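Notes for the one structure printed next.
The values are calculated or read from the model by the stated rules, or taken from the named source; none is laboratory data. Since the structure is predicted, the reported quantities are computational estimates derived from the model, not experimental observations. Cβ atoms come from the backbone with ideal geometry, glycine included; neighbour counts cover every protein chain shown.
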Amino acid sequence: MGFNFGLGMAGSYYAATANATGSHPRLAGEIDADLVVVGGGCTGLSAALHGAQRGLSVALLEGGRVGWGASGRNGGQMIPGLRQGAVELVRTFGRRRARALLELAWSGRELMLQLIERYAIDCDLSLTGHLLGAAKAADMRGFEAEARRLTDDMGYAHIDLLSTSQARAMVDTPYHGALLDRAGGHLHPLNYTLGLARAAAESGVRIFEHSIATGLESGSAGVRVITAAGAVRAGHAVLAGDALLEGLAPAVSARIMPVANYLVATSPLSEATELIPSSVAVSDSRFVVNYYRLTADGRLLFGGGERYSRDAPHDIAAFVRPHLEAVFPRLRGVAIEHAWGGLVSITLTRLPHVGRQGEVFFAHGYSGMGVILSTLAGKLLIDAIGGETDGLDLFAGVAPPAFPGGVALRGPLHVLGMLWYALRDRL
């Protein structure tokens, strides 16, 4: 397993269909920059790119390969908003603050579309919508309340409540209805991430791969990030390692929980358009979510299954297959050509952890919503470094608490919680 903590990434669908890209050198020796970024995923690359656009000299350190962390191996689902819905946000923070949080999160979609257009990023972008399927009939009550809140109080014009038959017309599996967000969609996340890396490098960012950050020093003179073969001295640092920060900043990492997810891609399917005629990105209302979509070449890309430790399944395809076949019984025995997985991060509240400690800025913990939020968060950190702190302050004001018991106990406590919710799904 490489530093990106991915399993089978080299044999993944994304790696097999990645755009041609060059490699980047290891850091050797000590260098100076205005900004040092730790992490070569979408958060770090967005921060690096936007920092360079503001005239900063930027050095980016990636412990493994650029894009091979969560940013490049996820389900590729563009889901506008936050993991907490409008109903829950209003209940917790009030209508005004909830709307401000959602409008900020929604702005990330437009940012992505602008970057894709400006830098001609070829990433199989499909703005066909995102469908959230009701796994249980009782879920529709919550869906109805969410649709009303989004439309009436949040001013969101892209949400539709679907009946059982309307949902079935969009995806051939028996949901009890659905919420359709017409502003959602899907893309090839590795090619999007590599496109950001190309844009950043062309803007003057110095990118270093296979350069694990092993130490972080912060003081009145700025920051210094240390690797095995060198160091970067800078005025500011951005930590964008998500679940892979390890011990670099324990106080920051204490707010997130690394969890594993696993995905497969089938062989190209002759009946692909019958499975998802609308080509929407799909997820369901189970606590342990199934999520899936069609690829540009007619495969079903499917993520799902429950696993409560970092120990990877011996056979990822065999692990995911029962969940795929439960959603689409007609695909029983279908050929699976790619299987991969790795670590992502969640928070206790499922809201992202974005903030700063002195001149160290950080963003992570997107809890399944990182395709859009990671790019947005990277820009917000650079805005804050430039003195425009409104976006960072808004997210920092709802920062999730640390996991009870600290790093030592967060894993066992999370396992107990997941087991309970998995049991509730089954019942």
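Going through region 173-188 one residue at a time, which ones are part of a loop (DSSP other than H, G, I, E, B) and over 26 Å from Cys123 (Cα atoms)? Spell out how you get there, then give the answer.
Step one: of region 173-188, the residues part of a loop (DSSP other than H, G, I, E, B) are 173-177, 182-184, 187-188.
Selection gives Thr173, Pro174, Tyr175, His176, Gly177.
Looking at region 29-46, which of the residues that are in contact with a Ser or Thr (Cβ under 6 Å, 6 or more places away or on another chain) and surrounded by fewer than 24 Cβ atoms within 10 Å (Cβ to Cβ) is farthest from Leu380 (Cα to Cα)?
Checked region 29-46; the qualifying residue farthest from Leu380 (Cα to Cα) is Ala33.
Every residue in region 207-263 that is of a type in the set (D, E, K, R), crowded, with 16+ Cβ neighbours inside 10 Å and out of contact with any helix residue (DSSP H, G or I) (no Cβ under 9 Å at 6 or more places or on another chain), please.
Passing the criteria: Glu209, Arg224, Arg233, Arg255.
Any residue at all in region 295-303 that's charged (D, E, K, R) and touching a Pro at 6+ places or on another chain (Cβ under 7 Å)?
To start, the set of residues in region 295-303 that are charged (D, E, K, R) comprises 297, 299.
Right, trim to touching a Pro at 6+ places or on another chain (Cβ under 7 Å) and you get 297, 299.
Yes, region 295-303 contains at least one residue that is charged (D, E, K, R) and touching a Pro at 6+ places or on another chain (Cβ under 7 Å).
For region 283-386, please list each of the strands (runs of 3 or more DSSP E) lying entirely inside it that holds at least 1 residues being small (Gly, Ala, Ser) and under 15 Å from Gly75 (Cα atoms).
300-303, 336-346
Collect the residues in region 320-335 that are farther than 11 Å from Leu300 by Cα and aliphatic (A, V, I, L, M), keeping them in residue-number order.
Val320, Ala326, Val327 - these are the residues of region 320-335 that are farther than 11 Å from Leu300 by Cα and aliphatic (A, V, I, L, M).
Ala178: surrounded by 20 or more Cβ atoms within 10 Å (Cβ to Cβ) and closer than 30 Å to Ala326 by Cβ, yes or no? Let's see the steps before the verdict.
Numbers: surrounded by 20 or more Cβ atoms within 10 Å (Cβ to Cβ): yes; closer than 30 Å to Ala326 by Cβ: yes.
Against the criterion (surrounded by 20 or more Cβ atoms within 10 Å (Cβ to Cβ) and closer than 30 Å to Ala326 by Cβ), Ala178 qualifies.
Is region 313-325 home to any residue that is touching a strand residue (DSSP E or B) at 6+ places or on another chain (Cβ under 9 Å), modelled with pLDDT under 95, of a type in the set (A, V, I, L, M, F, W, C) and over 21 Å from Arg293 (Cβ atoms)?
Checked region 313-325: no residue is touching a strand residue (DSSP E or B) at 6+ places or on another chain (Cβ under 9 Å), modelled with pLDDT under 95, of a type in the set (A, V, I, L, M, F, W, C) and over 21 Å from Arg293 (Cβ atoms).
Restrict the check to region 190-203 and report whether at least one residue is assigned to a loop (DSSP other than H, G, I, E, B) and buried (at least 24 other Cβ atoms within 10 Å of the Cβ).
At the first step, the residues of region 190-203 found to be assigned to a loop (DSSP other than H, G, I, E, B) are 203.
From what's left, buried (at least 24 other Cβ atoms within 10 Å of the Cβ): none.
No: zero hits.
Within region 282-291, is there a residue that is touching a strand residue (DSSP E or B) at 6+ places or on another chain (Cβ under 8 Å), closer than 29 Å to Gly177 by Cα and small (Gly, Ala, Ser)? Steps first, answer last, please.
Within region 282-291, the first condition is being touching a strand residue (DSSP E or B) at 6+ places or on another chain (Cβ under 8 Å), and the residues that meet it are 282-285, 289-291.
Next cut, closer than 29 Å to Gly177 by Cα only: 282-285, 289-291.
Imposing the further condition that a residue be small (Gly, Ala, Ser) reduces the set to 283, 285.
Checking region 282-291: at least one residue is touching a strand residue (DSSP E or B) at 6+ places or on another chain (Cβ under 8 Å), closer than 29 Å to Gly177 by Cα and small (Gly, Ala, Ser).
State all residues of region 144-171 that are farther than 20 Å from Gly185 by Cα and acidic (Asp, Glu); if no residue qualifies, say none.
Residues satisfying the conditions are Glu144, Asp152, Asp153.
Test of understanding: among Ala20, Ala16, Ala48, which residue is more than 26 Å from Leu180 (Cβ to Cβ) and without any contact (Cβ under 8 Å) to a residue 12 or more places away in the chain? Spell out the reasoning first.
Working: Ala16 fails: without any contact (Cβ under 8 Å) to a residue 12 or more places away in the chain; Ala48 fails: without any contact (Cβ under 8 Å) to a residue 12 or more places away in the chain.
Only one candidate qualifies: Ala20.
Do we have Ala234 as in the same structural domain as Gly63 (by TED's automatic domain parsing) and touching a Gly at 6+ places or on another chain (Cβ under 9 Å) here?
Spelling it out, Ala234 is indeed in the same structural domain as Gly63 (by TED's automatic domain parsing) and touching a Gly at 6+ places or on another chain (Cβ under 9 Å).
Restricting the search to region 21-45, which residues are aliphatic (A, V, I, L, M) and out of contact with any helix residue (DSSP H, G or I) (no Cβ under 9 Å at 6 or more places or on another chain)?
Leu27, Ala28, Ile31, Ala33, Val36
Tell me, yes or no, whether region 173-183 has at least one residue that is in the same structural domain as Phe328 (by TED's automatic domain parsing) and more than 26 Å from Leu275 (Cα to Cα).
No, region 173-183 has no match at all.
Being at pLDDT below 95 and either at positive phi or surrounded by fewer than 19 Cβ atoms within 10 Å (Cβ to Cβ) (or both) is true for just one of Ser270, Ser309. Which residue is that?
Ser309
Given the condition over 24 Å from Asn261 (Cα atoms), out of contact with any Ser or Thr (no Cβ under 6 Å at 6 or more places or on another chain) and among the acidic types (Asp, Glu), answer yes or no: does some residue in region 124-137 qualify?
No: region 124-137 contains no residue that is over 24 Å from Asn261 (Cα atoms), out of contact with any Ser or Thr (no Cβ under 6 Å at 6 or more places or on another chain) and among the acidic types (Asp, Glu).
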